[in-house]
Amino acid sequence: MKKLIVVIASLGVLAGSYGIAFGVPEQVALIFGSAPVENANQTRGKNAVRRGPGRSTTVVLAPLEESTYTLVLRAVGSAISLRRADVMSTEAGEVVEAALEANNLVEKGDIILRLDDRTQRLSLEIAQANRDQAQATVTRYEGLHKNGSSVVTDVALSEAGVALRLAQANVGLAELALENRTIVAPISGRLGLSDVDVGDRLSSGDLIVTIDESATLLAEFEVPERSIGLLAKGKPVFVSTPTYAGRVFEGRITAFDSRLDSVTRSATVQAEIDNSEGLLLSGMTFATRMYEETAPLPVVPSTAITWDRSGAGIWVAEDGKTSRVPVTIRYREGDRVWIETAASLGAQIVVEGASKLRDGTQIATAQPREAQGS
């Protein structure tokens with residue numbers, strides 16, 4: 001007997017909960033009268049779902065509008081110099097003069113290092129003496145030949161001319177060897193660190209110093225395959241670095257790779273950044289951003305989106321009834337969703353209360369919560 005009472009009480013609790021949540025079924029209401037149904041509807045509130053003939057669901061409607069969406073591509077890259085030169089020693093010898101102080105600015109052609117050139121100077125003097133001697137021989141032979149002397153034949157005069165040309169070439173070689181003992185800056189820029197000093201002995205091919213032209217830097221970063229469509233020469237790029245928190249440097253894309261990396265599925269992009277103030281250094285880490293506005297797309301509040309087995313959709317109201325229209329979600333930002341849909345712009349869509357609807361549901365409209373609060 002006690003078990004029977006417990007079962008009956010449990011059924012009563014379940015029936016009461018169902019009536020509060022979903023309303024009293026119409027068949028039961030007809031048996032017990034209409035008053036209980038009305039009382040149940042009042043307890044559920046004005047936004048509850050009312051089922052059955054003549055019943056309506058209270059929802060909030062808004063017209064379907066369109067708006068552009070701003071795509072933001074974020075990437076992490078590093079700075080490299082627009083132009084960089086590794087100055088190498090082309091000759092072996094002892095350093096007798098060096099102007100290699102780190103971070104000094106140099107102009108193209110400035111002397112930054114000299115090697116011992118005594119041997120080359122002596123070689124140049126010998127070559128010049130041989131040239132002068134050959135020149136004197138040619139001058140004498142030409143004079144004799146012009147006066148009709150049979151002592152100087154055409155062959156002798158030709159051989160003297162060849163000897164002069166060889167002597168002049170040797171002078172050129174000696175001058176070049178002497179010039180190579182002086183190292184000059186190949187580009188204008190800022191000197192890097194160097195461990196070369198006076199008294200050191202260099203071999204051919206030794207690195208002397210690196211020069212970076214830092215007035216313009218290149219921000220180099222990777223762009224994933226899905227964002228390749230954002231790339232275009234001249235497109236603005238905004239970069240920032242932790243060194244200067246809150247400051248944004250603007251640049252423009254100058255080049256990007258013609259193929260994707262087979263492992264990362266991304267393309268390398270380079271953008272020029274103005275560094276005329278000299279604040280940025282080669283090798284800095286950059287956070288880069290690019291922006292792109294899409295074509296206008298329908299946009300709805302996130303509360304308007306419902307889901308079922310077929311996917312996402314919105315409810316469109318017409319003549320006091322609702323019908324569900326499938327949508328494809330393109331972008332999300334906060335509580336706004338950009339979609340593709342067959343619904344017409346300006347159509348009234350359910351933005352609150354959509355989860356309570358079924359196809360053909362009769363609706364009653366209410367003001368949005370913001371309007372109610374005001």
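Points worth noting:
- Within the range 44-68, restricting attention to residues that are part of a loop (DSSP other than H, G, I, E, B) and among the hydroxyl-bearing types (Ser, Thr, Tyr), the residue that is modelled with the lowest pLDDT is 56.
- The range 127-183: number of residues that are within 30 Å of residue 110 (Cα to Cα) and among the acidic types (Asp, Glu): 2
- The set of residues in the range 302-331 being assigned to a strand (DSSP E or B), within 30 Å of the chain's Cα centre (by Cα) and surrounded by 13 or more Cβ atoms within 10 Å (Cβ to Cβ) consists of 329, 330, 331.
- Residues being at pLDDT below 90, outside any helix (DSSP H, G or I) and buried (at least 17 other Cβ atoms within 10 Å of the Cβ) - total across the range 136-187: 1
- Enumeration of residues in the range 273-294 that are surrounded by 15 or more Cβ atoms within 10 Å (Cβ to Cβ) and among the hydroxyl-bearing types (Ser, Thr, Tyr): 282, 288
- Under the condition of being in a strand (DSSP E or B) and either touching a Phe, Trp or Tyr at 6+ places or on another chain (Cβ under 6 Å) or on the phi > 0 side of the Ramachandran plot (or both), the residues counted in the range 251-278 number 3.
- You will find that of 234, 205, 246, the residue that is over 24 Å from residue 108 (Cα atoms) and in contact (Cβ under 8 Å) with a residue 12 or more places away in the chain is 234 and no other.
- Filtered residue count, the range 294-349, keeping only those that are touching a helix residue (DSSP H, G or I) at 6+ places or on another chain (Cβ under 9 Å) and among the hydroxyl-bearing types (Ser, Thr, Tyr): 3
- Criterion violated by residue 177 - all others in (1) in contact with a Gly (Cβ under 6 Å, 6 or more places away or on another chain); (2) over 15 Å from residue 98 (Cα atoms) satisfied: (1)
The values are calculated or read from the model by the stated rules, or taken from the named source; none is laboratory data. Note that the coordinates shown come from a computational prediction; the quantities given were computed from them, not determined experimentally. So basically every Cβ, Gly included, is an ideal-geometry build from the backbone, and we count neighbours across all protein chains shown.
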